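The values are calculated or read from the model by the stated rules, or taken from the named source; none is laboratory data. Predicted model, so just to flag it, every value in this text is computed and none were measured. Here Cβ is always computed from backbone atoms with ideal geometry, including for glycine, and neighbour counts include all displayed protein chains. For the accessible areas, the whole protein counts, side chains as well, though only heavy atoms, and no ligand, DNA or RNA atoms are used. Shrake-Rupley method; radii C 1.70, N 1.55, O 1.52, S 1.80 Å.
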Amino acid sequence: MIQKPQTGLQCQTTSHLYSTRGMFYLSILCLLGIILQSGCVSSERLKAEKVRGLNFQRLLAQEEKRANTLTAQLAEKDKKIDELTTQLKETKTKIEALESQNRTLTAERNALRKENLAPQEQKAVQDSLDLSQDPDTTKDSPPSEPSLSDPFMSDEELLKILE
(Lines give C-alpha, C1' and ligand atoms only; values in the text may rest on other atoms or scores of the structure.)
Protein backbone atom coordinates (compact mmCIF):
# COMPACT_ATOMS: atom_id res chain seq x y z
CA MET A 1 0.00 0.00 0.00
CA ILE A 2 0.87 3.51 -0.44
CA GLN A 3 2.10 5.39 2.49
CA LYS A 4 1.42 8.92 3.13
CA PRO A 5 4.30 11.22 3.45
CA GLN A 6 5.08 12.26 6.91
CA THR A 7 4.74 15.80 7.89
CA GLY A 8 7.97 17.54 8.53
CA LEU A 9 10.05 15.48 6.03
CA GLN A 10 10.55 16.67 2.54
CA CYS A 11 9.78 14.23 -0.18
CA GLN A 12 12.24 13.77 -3.07
CA THR A 13 10.76 13.34 -6.49
CA THR A 14 12.44 11.23 -9.12
CA SER A 15 10.62 12.80 -11.95
CA HIS A 16 13.74 14.27 -13.37
CA LEU A 17 15.31 11.99 -16.07
CA TYR A 18 18.86 12.80 -15.18
CA SER A 19 18.81 12.14 -11.51
CA THR A 20 22.06 11.23 -9.77
CA ARG A 21 21.11 7.60 -9.34
CA GLY A 22 20.13 7.37 -13.02
CA MET A 23 23.35 9.07 -14.07
CA PHE A 24 25.32 6.58 -12.01
CA TYR A 25 23.63 3.60 -13.69
CA LEU A 26 24.00 5.16 -17.10
CA SER A 27 27.71 5.79 -16.60
CA ILE A 28 28.22 2.19 -15.41
CA LEU A 29 26.41 0.88 -18.51
CA CYS A 30 28.53 3.10 -20.78
CA LEU A 31 31.73 1.91 -19.13
CA LEU A 32 30.66 -1.72 -19.47
CA GLY A 33 29.82 -1.13 -23.12
CA ILE A 34 33.21 0.45 -23.79
CA ILE A 35 35.02 -2.37 -22.00
CA LEU A 36 33.07 -5.00 -23.92
CA GLN A 37 33.68 -3.20 -27.22
CA SER A 38 37.41 -2.95 -26.63
CA GLY A 39 37.63 -6.64 -25.66
CA CYS A 40 35.83 -7.85 -28.73
CA VAL A 41 37.76 -8.64 -31.89
CA SER A 42 36.29 -8.67 -35.35
CA SER A 43 35.95 -12.09 -36.97
CA GLU A 44 38.34 -11.13 -39.81
CA ARG A 45 41.01 -10.08 -37.37
CA LEU A 46 40.48 -13.29 -35.39
CA LYS A 47 40.88 -15.36 -38.56
CA ALA A 48 43.99 -13.39 -39.53
CA GLU A 49 45.51 -14.00 -36.10
CA LYS A 50 44.69 -17.72 -36.36
CA VAL A 51 46.37 -17.89 -39.78
CA ARG A 52 49.35 -16.00 -38.42
CA GLY A 53 49.59 -18.39 -35.48
CA LEU A 54 49.41 -21.39 -37.81
CA ASN A 55 52.15 -19.89 -39.98
CA PHE A 56 54.34 -19.44 -36.93
CA GLN A 57 53.69 -23.05 -35.93
CA ARG A 58 54.57 -24.23 -39.43
CA LEU A 59 57.76 -22.15 -39.46
CA LEU A 60 58.66 -23.45 -36.01
CA ALA A 61 58.18 -27.04 -37.17
CA GLN A 62 60.37 -26.39 -40.24
CA GLU A 63 63.10 -24.84 -38.13
CA GLU A 64 62.98 -27.73 -35.66
CA LYS A 65 63.28 -30.18 -38.55
CA ARG A 66 66.19 -28.18 -39.97
CA ALA A 67 67.84 -28.06 -36.55
CA ASN A 68 67.48 -31.84 -36.20
CA THR A 69 68.97 -32.34 -39.67
CA LEU A 70 71.89 -30.05 -38.87
CA THR A 71 72.44 -31.82 -35.56
CA ALA A 72 72.55 -35.18 -37.36
CA GLN A 73 74.99 -33.79 -39.93
CA LEU A 74 77.16 -32.38 -37.17
CA ALA A 75 77.23 -35.74 -35.42
CA GLU A 76 78.22 -37.40 -38.72
CA LYS A 77 80.99 -34.85 -39.26
CA ASP A 78 82.24 -35.39 -35.70
CA LYS A 79 82.37 -39.13 -36.37
CA LYS A 80 84.35 -38.55 -39.58
CA ILE A 81 86.71 -36.21 -37.74
CA ASP A 82 87.31 -38.88 -35.10
CA GLU A 83 88.03 -41.47 -37.82
CA LEU A 84 90.40 -39.11 -39.63
CA THR A 85 92.15 -38.27 -36.36
CA THR A 86 92.68 -41.98 -35.74
CA GLN A 87 94.03 -42.43 -39.28
CA LEU A 88 96.32 -39.44 -38.79
CA LYS A 89 97.75 -40.93 -35.59
CA GLU A 90 98.33 -44.25 -37.36
CA THR A 91 100.00 -42.48 -40.28
CA LYS A 92 102.27 -40.49 -37.93
CA THR A 93 103.26 -43.72 -36.21
CA LYS A 94 104.06 -45.32 -39.58
CA ILE A 95 106.08 -42.26 -40.63
CA GLU A 96 108.10 -42.37 -37.40
CA ALA A 97 108.78 -46.09 -37.95
CA LEU A 98 109.84 -45.47 -41.56
CA GLU A 99 112.09 -42.58 -40.53
CA SER A 100 113.74 -44.80 -37.95
CA GLN A 101 114.17 -47.54 -40.54
CA ASN A 102 115.55 -44.98 -43.01
CA ARG A 103 118.13 -43.77 -40.46
CA THR A 104 119.18 -47.36 -39.81
CA LEU A 105 119.51 -48.14 -43.52
CA THR A 106 121.43 -44.90 -44.14
CA ALA A 107 123.88 -45.81 -41.38
CA GLU A 108 124.31 -49.29 -42.86
CA ARG A 109 124.86 -47.83 -46.35
CA ASN A 110 127.47 -45.42 -45.08
CA ALA A 111 129.27 -48.23 -43.27
CA LEU A 112 129.26 -50.37 -46.43
CA ARG A 113 130.58 -47.43 -48.48
CA LYS A 114 133.44 -46.97 -46.06
CA GLU A 115 134.20 -50.68 -46.22
CA ASN A 116 134.10 -50.63 -50.03
CA LEU A 117 136.14 -47.43 -50.37
CA ALA A 118 138.90 -48.63 -48.09
CA PRO A 119 140.10 -51.42 -50.46
CA GLN A 120 139.72 -49.11 -53.49
CA GLU A 121 141.81 -46.41 -51.83
CA GLN A 122 144.43 -48.97 -50.88
CA LYS A 123 144.46 -50.20 -54.48
CA ALA A 124 144.77 -46.61 -55.77
CA VAL A 125 147.67 -45.95 -53.41
CA GLN A 126 149.31 -49.19 -54.45
CA ASP A 127 148.80 -48.36 -58.14
CA SER A 128 150.36 -44.95 -57.66
CA LEU A 129 153.32 -46.59 -55.92
CA ASP A 130 153.62 -49.09 -58.73
CA LEU A 131 153.56 -46.29 -61.31
CA SER A 132 156.30 -44.42 -59.56
CA GLN A 133 158.46 -47.56 -59.48
CA ASP A 134 157.77 -48.77 -63.04
CA PRO A 135 159.44 -46.55 -65.65
CA ASP A 136 157.51 -48.09 -68.58
CA THR A 137 154.16 -46.76 -67.45
CA THR A 138 154.25 -44.00 -70.00
CA LYS A 139 152.07 -46.03 -72.28
CA ASP A 140 148.92 -44.34 -73.50
CA SER A 141 146.70 -46.94 -72.04
CA PRO A 142 143.55 -45.50 -70.52
CA PRO A 143 143.11 -46.02 -66.80
CA SER A 144 140.60 -48.62 -65.84
CA GLU A 145 137.30 -46.91 -65.21
CA PRO A 146 134.95 -48.17 -62.59
CA SER A 147 131.56 -49.28 -63.70
CA LEU A 148 128.75 -46.72 -63.50
CA SER A 149 126.54 -49.38 -62.10
CA ASP A 150 128.65 -49.63 -58.95
CA PRO A 151 126.19 -48.85 -56.13
CA PHE A 152 128.94 -48.02 -53.66
CA MET A 153 130.54 -45.27 -55.70
CA SER A 154 130.46 -41.82 -54.17
CA ASP A 155 129.21 -38.75 -55.97
CA GLU A 156 132.72 -37.28 -56.24
CA GLU A 157 133.97 -40.39 -57.98
CA LEU A 158 131.08 -40.28 -60.44
CA LEU A 159 131.80 -36.63 -61.22
CA LYS A 160 135.47 -37.45 -61.83
CA ILE A 161 134.49 -40.20 -64.25
CA LEU A 162 132.10 -37.93 -66.14
CA GLU A 163 134.72 -35.18 -66.52
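Among residues of the range 1-36 being part of a helix (DSSP H, G or I) and of a type in the set (Val, Ile, Thr), the one that is modelled with the lowest pLDDT is ILE35.
So which residues in the range 37-70 are among the β-branched types (Val, Ile, Thr) and at pLDDT below 85, if there are any at all? Of everything in the range 37-70, just one residue is among the β-branched types (Val, Ile, Thr) and at pLDDT below 85, namely VAL41. The residue list ASP78, ASP127 contains one member that is out of contact with any Lys or Arg (no Cβ under 7 Å at 6 or more places or on another chain), of a type in the set (Asp, Glu), at pLDDT 95 or above and open to solvent by less than 100 Å² (accessible area, probe 1.4 Å), which is ASP78. Of all residues in the range 95-104, none are touching a Ser or Thr at 6+ places or on another chain (Cβ under 8 Å), closer than 30 Å to SER154 by Cα and open to solvent by less than 100 Å² (accessible area, probe 1.4 Å).
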